[in-house]
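Remarks on the structure that follows.
Just so it is clear, none of the values below were taken in a lab; they were calculated from the coordinates. The structure presented is a predicted model; accordingly, all values stated were derived computationally and were not measured. FYI the Cβ positions are ideal-geometry reconstructions off the backbone, even for glycines, and counts take in every protein chain you see.
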Amino acid sequence: MKLSPSLLSADFGNLRAEAKQVEPLADYFHIDVMDGHFVDNLTIGPPVVNSFRRGLEKPFDIHLMIDYPIHYAPRFEVQSTDIITFHIESKDEPFRTIEEIRGLGCKIGISLRPVTPIAAVFPYLDLVDLVLVMSVDPGFGGQKFMPAAVKRIAQLWEEIGDRPVTISVDGGINAANVGMVVTAGAELIVAGSAIFKQPDRIAAVHALIAAANQTQ
Ligand code: DX5
Ligand code: ZN
């Protein structure tokens, strides 16, 4: 299991310090970019993401919840270990989007809303490094985990087979449900409020990791 703390639930006025606090236990930093069109929320964009990276070492896992990923993805200063994930429901054509993001030299992920059939991502499995399965409707942190995600992850895991594609899961993950998604095949776990809304964040991360490992 790998962990990608979602900074959406952190203090946006203090992003770097918030990230630093959990960095020793994190594999990535999950950064939610929203445009107010694809989802009904606005967050941060390239200028903030690019500048808050200074002083951080772990790679960025950038989740684009925006209508036009091809237009905005090149504005993120990415490294080869970073991931940029776009949504299959965005307005850009997925094969072209994959080609454009691949050209930036980072890893590439494809994500889908809970209402989108899981088979919608199957045609892209030879072209991406990661599939991000949403277990809440994208847009806000702190929502309740949708249990239907477990079966979707298991179906995706079957379909991936031997391909070098990581399954990630995002939305409502906590110590009570992380075991189910890991057992189903998720490897990169995104968690926001289960970490940043807790009084002791380090203890919260340890609890998540322990709960995930119990099932392995
Ligand atoms: C929701 C975002 C998630 C969110 C997860 O649209 O994509 O990354 O921050 O937050 P929690 O873990 O609180 O559901
Ligand atoms: Zn996210």
Worksheet item: Given +1 on the Cβ of Lys and Arg, -1 on the Cβ of Asp and Glu, and no further charges, what dipole in debye does the chain carry about its Cα centre, rounded to the nearest 20?
Response: 400
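May I ask you to list the trypsin sites (Lys or Arg not before Pro) in region 120-191 that are in a DSSP loop and have at most 16 other Cβ atoms within 10 Å of their Cβ? If you can, show how the numbers build up before the last one.
Details: sites: 144, 151, 152; in loops: 144.
Here the trypsin sites (Lys or Arg not before Pro) that fit, given the DSSP loop and packing criteria, are 144.
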Item to complete: Using Cα centres only, tell me the gap between region 137-192 and region 1-80 in whole Å.
Response: 19
Practice prompt. Check the straight Cα-Cα distances from residue 20 and name the lysines below 21 Å, setting aside those fewer than 8 residues away within the same chain.
Written response: 2, 58, 197
Worksheet item: Could you give the length gained on full extension between residue 75 and residue 23, defined as 0.36 nm per residue of separation minus the Cα-Cα distance, in nm?
Response: 16.3 nm
Practice prompt. Extending each Cα 7 Å along its Cβ direction at residue 104 and residue 119, get the distance between those two points in nm, one decimal.
Written response: 3.1
